[in-house]
Each structure stands twice: as structure tokens, then as C-alpha cells.
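Let me begin by presenting the structure, written as C-alpha cells, before commenting on it.
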Amino acid sequence: MLDDVKSVMQRVLKLGALLVLVITLVGSGVGFLVAGNPGVLAALAGGLLALLFTGLTALSVLIGSRFGLTGFMGAVLGGWVFKMVLFLVIFSLLSRAEWLTTQARPIVFFTIVAAVLGTLILDSLLIAKARLTPVVQSDK
Amino acid sequence: MQIIQLAAETATQVSAISGNLGVLGYGIATIGPALGVGLVVSKTIESIARQPEMAGRLQVTMFIGVALIEALALIGLATPFIFTA
């Protein structure tokens, strides 16, 4: 069966969210062992940020693919810049948060890195497996 | 002579700069992903202009490229959580 961009990106979004959820649960367990309750909160924050970060890219491609080449580039690159500014603000607030103890801080980092690298591997596998048909797209 | 004086004044001013080094770190960390995204996007536009029927495949391939590059940017943004002053 041949796929289109929409079905591939929907699959990427669904399975990516599932993978981030699993990594967050594992991170929460490790966080609890390392830093107690703040460790669990740190893993949850890291997981949520990773989900938002990877999900927004896939969503921007999904939405952008409906609008031809110009709309696609606008959605992906505009989404990218918006996301970077959003994350700069979130990280700035999070790094000053009092509930995030010194022991719990690395949990945020490692949960984000594990979730992002995991979703990257999953995305690559899903896209390598996808069978996309060549179709002439209208730019209107 | 004036040039030497000016250089000495500038050196004093530069050594007097203080603040959060994270600002410089963020500036440096943006260079790599910015160049990467620029290259990926320019090549994708070029490829779609050459072969418009391949747009779908190129878009999802570009997604992988952008995702890899932004992972680097995200790790750069998240490093304050492990590098404490």
C-alpha cells in the first residue's frame, strides 16, 4: 500500500508520543531513585518538553504539506523559530524554579536527550519504511 | 601613538566585560543548527524545483534532517541543567 505525507506524519506523531511516554515513565522511576519526588517532577517536565519539541516539528510538516512549497517552508521554518523562542523562555523559567533541586536537574536533561534521540531513531525507521508515491503537487 | 592608546583603552574595556557566559554559549550554539537548517531547506527547495513530483518524499526526508539538527539545538538549550556555575 502506498502512503502519503499525511499518513506518514500521523504515524510519526502517534508512535513518537507513545515512545516519549515510555521514556518519561522510565525517567520518573530513575528520577525517584536518584532525587526522590523532585526527580519524578523533573522527568515529567523533561518528557513534556521533549514531546512538545518533537511533536511541533512533525505537526508543522503535517500542516505545511497542505499548502504547497511556500506554505510548507513557512510552516516548518516559522514553527522552528517560534519553538526555539518558546523553549528559550521555558528553559529560562525552569532553570530558576525552586522545586527543581540540584540533584533533580540532570534528570531533566537526560530525559530530554533520551526522548529526543529515541524519537529520532523511530522517525528514521518509520520514514525509511514508508512507501511514498511521486505525485505532482499544486502550488495553489 | 594614538592607536596604541586606543588599543590599551579597548583592552581595558574588554577585560571589564562581565555577565552570564551562557549568553555567549547560546550565541555559539545557534551557529551550527542555523547553518544546518539553511542548507537542508535550500537543497530541498532546489530538489522540489527540479522534480516537483518528488515533493512528498523530499518533505518527509527534510523532516528527518530538520529533526536531527534541532536535536542538537535542543541539547544546546538544555545544557544549563547539567553545567552548573
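The values are calculated or read from the model by the stated rules, or taken from the named source; none is laboratory data. In this text the structure is predicted, and so the values were computed from the model without any measurement. Cβ placement follows ideal geometry from the backbone for every residue including glycine, while neighbour counts extend to all protein chains displayed. With ligands, DNA and RNA removed, areas are computed over all heavy atoms of the protein, side chains included. Shrake-Rupley method; radii C 1.70, N 1.55, O 1.52, S 1.80 Å.
Tabulated data
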| quantity | calculated |
| --- | --- |
| Single residue of A:Leu77, A:Leu93 found to be open to solvent by 50 Å² or more (accessible area, probe 1.4 Å), under 21 Å from the mean Cα position of the chain (by Cα) and closer than 23 Å to B:Val41 by Cβ | A:Leu77 |
| Any chance A:Thr54 is surrounded by 23 or more Cβ atoms within 10 Å (Cβ to Cβ), within 11 Å of another protein chain (Cβ to nearest Cβ) and closer than 26 Å to B:Gly38 by Cβ | yes |
| Close pairs from region A:83-99: first at the interface with another protein chain (Cβ under 9 Å from one of its Cβ atoms), partner open to solvent by 40 Å² or more (accessible area, probe 1.4 Å), Cβ under 7 Å, at least 6 apart | A:Lys83/A:Leu56; A:Phe91/B:Pro80; A:Ser95/B:Pro80 |
| Criterion (out of contact with any strand residue (DSSP E or B) (no Cβ under 8 Å at 6 or more places or on another chain) and surrounded by 14 or more Cβ atoms within 10 Å (Cβ to Cβ)) met by exactly one of A:Leu132, A:Leu126, A:Leu33, A:Leu25 | A:Leu126 |
| Qualifying position, being over 30 Å from A:Arg96 (Cα atoms) and out of contact with any strand residue (DSSP E or B) (no Cβ under 8 Å at 6 or more places or on another chain), among B:Leu77, B:Leu68, B:Leu35 | B:Leu35 |
| Meets criteria (in a helix (DSSP H, G or I) and either among the aliphatic types (A, V, I, L, M) or in contact with a Phe, Trp or Tyr (Cβ under 7 Å, 6 or more places away or on another chain) (or both)) for A:Ala50 | yes |
| A:Ala17 being within 9 Å of another protein chain (Cβ to nearest Cβ), under 17 Å from the mean Cα position of the chain (by Cα) and part of a helix (DSSP H, G or I) | no |
| Sole residue being more than 30 Å from A:Val30 (Cβ to Cβ) and either assigned to a helix (DSSP H, G or I) or touching a residue at least 24 places away in the same chain (Cβ under 8 Å) (or both), chosen from A:Ile121, A:Ile63, A:Ile107, A:Ile112 | A:Ile63 |
| Residue ID - nearest to the other protein chains (Cβ to nearest Cβ), chosen from residues in region A:59-74 that are under 23 Å from A:Ala115 (Cα atoms) and buried (at least 23 other Cβ atoms within 10 Å of the Cβ) | A:Val61 |
| Qualifying residue in region A:73-93 (condition: touching a helix residue (DSSP H, G or I) at 6+ places or on another chain (Cβ under 8 Å) and part of a loop (DSSP other than H, G, I, E, B)) | no |
| Any pair with Cβ under 8 angstrom, 6 or more apart, that starts in region B:30-41 at a residue that is touching a residue at least 40 places away in the same chain (Cβ under 8 Å) and ends at one that is open to solvent by 40 Å² or more (accessible area, probe 1.4 Å) and assigned to a helix (DSSP H, G or I) | B:Gly32/B:Leu72; B:Pro33/B:Leu72 |
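Results for (1) of a type in the set (Asp, Glu); (2) within 29 Å of A:Leu52 (Cα to Cα); (3) part of a helix (DSSP H, G or I); (4) modelled with pLDDT of 80 or more, shown as yes or no for each residue.
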site	(1), (2), (3), (4)
B:Gln5	no, no, yes, yes
B:Thr10	no, no, yes, no
B:Ser18	no, no, no, no
B:Val23	no, yes, yes, no
B:Gly38	no, yes, yes, yes
B:Arg57	no, yes, yes, yes
B:Ile64	no, yes, yes, yes
